[in-house]
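Peer 1: I am attaching a structure below and will ask some questions about it afterwards.
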Amino acid sequence: MLHDGPGDSGLRRFDRDVLAQPGVTHVLALLGVNDLRNSQGRTDEIVTADDLIGGLHQLAVRAHAAGLIAFVGTVMTWENETFNGDHYTPEGEAKRQALNAWIRDSAVFDEVIDFEAALRDPGHPTRTLPRWDSGDHLHPNDLGYRHMADSIDLALLG
């Protein structure tokens with residue numbers, strides 16, 4: 001969301017990818033996990049929960065200013081990930097928890113889609129339930145993505 005990587009940051013892409021598209025009425029922001037994981041060990045990209053909250057708040061304001069209905073998804077865990085190394089830390093998890101608490105409690109977005117709750121392992125809530133896990137402990141598998149989609153109440157789209 002906040003830092004450019006192989007591509008532009010989410011904040012930088014938002015106008016091009018969302019606001020400039022004809023006929024857009026709704027947007028779902030699901031950003032933050034890469035900011036949390038990629039900043040581990042990179043002092044130039046360390047983020048706080050407040051940094052991410054500020055970025056999401058900016059997206060909501062920009063979406064609403066354009067007349068869009070803005071949804072936000074909770075950030076899923078990445079404990080024990082194997083995708084490009086294990087970037088999980090207790091500090092990153094604490095930031096994710098703080099970010100998700102803000103997402104769930106804030107009224108900045110029109111609706112919250114709780115992807116983290118839909119995919120987490122109830123017996124180990126900092127991990128994805130194996131049924132939904134692609135095996136890298138970061139990305140959902142096809143069933144997991146389907147479950148994410150099914151967790152969205154389509155009546156929210158009007």
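The values are calculated or read from the model by the stated rules, or taken from the named source; none is laboratory data. Everything numeric in this text was worked out from a predicted model, so none of it was measured. Here Cβ is always computed from backbone atoms with ideal geometry, including for glycine, and neighbour counts include all displayed protein chains.
Peer 1: Within segment 127-136, is even one residue touching a residue at least 12 places away in the same chain (Cβ under 8 Å) and among the polar types (S, T, N, Q)?
Peer 2: yes
Peer 1: Restricting to segment 45-77, what's the tally of residues that are farther than 23 Å from Gly92 by Cα and either among the charged types (D, E, K, R) or touching a Lys or Arg at 6+ places or on another chain (Cβ under 8 Å) (or both)?
Peer 2: The qualifying residues number 1.
Peer 1: OK, next. Could you look through segment 1-47, keep only residues that are in contact (Cβ under 8 Å) with a residue 60 or more places away in the chain and in a loop (DSSP other than H, G, I, E, B), and pick out the one that is nearest to the chain's Cα centre (by Cα)?
Peer 2: In this case the residue turns out to be Leu30.
Peer 1: Could you tell me which numbered condition Tyr88 fails, if it satisfies all but one of (1) under 28 Å from Arg16 (Cβ atoms); (2) modelled with pLDDT under 95; (3) aromatic (Phe, Trp, Tyr); (4) surrounded by 19 or more Cβ atoms within 10 Å (Cβ to Cβ)?
Peer 2: (1)
Peer 1: Another question about this same structure. Could you list, in sequence order, all residues of segment 32-53 that are at pLDDT 95 or above and either touching a strand residue (DSSP E or B) at 6+ places or on another chain (Cβ under 8 Å) or closer than 23 Å to Met148 by Cβ (or both)?
Peer 2: Within segment 32-53, Ala49, Leu52, Ile53 qualify.
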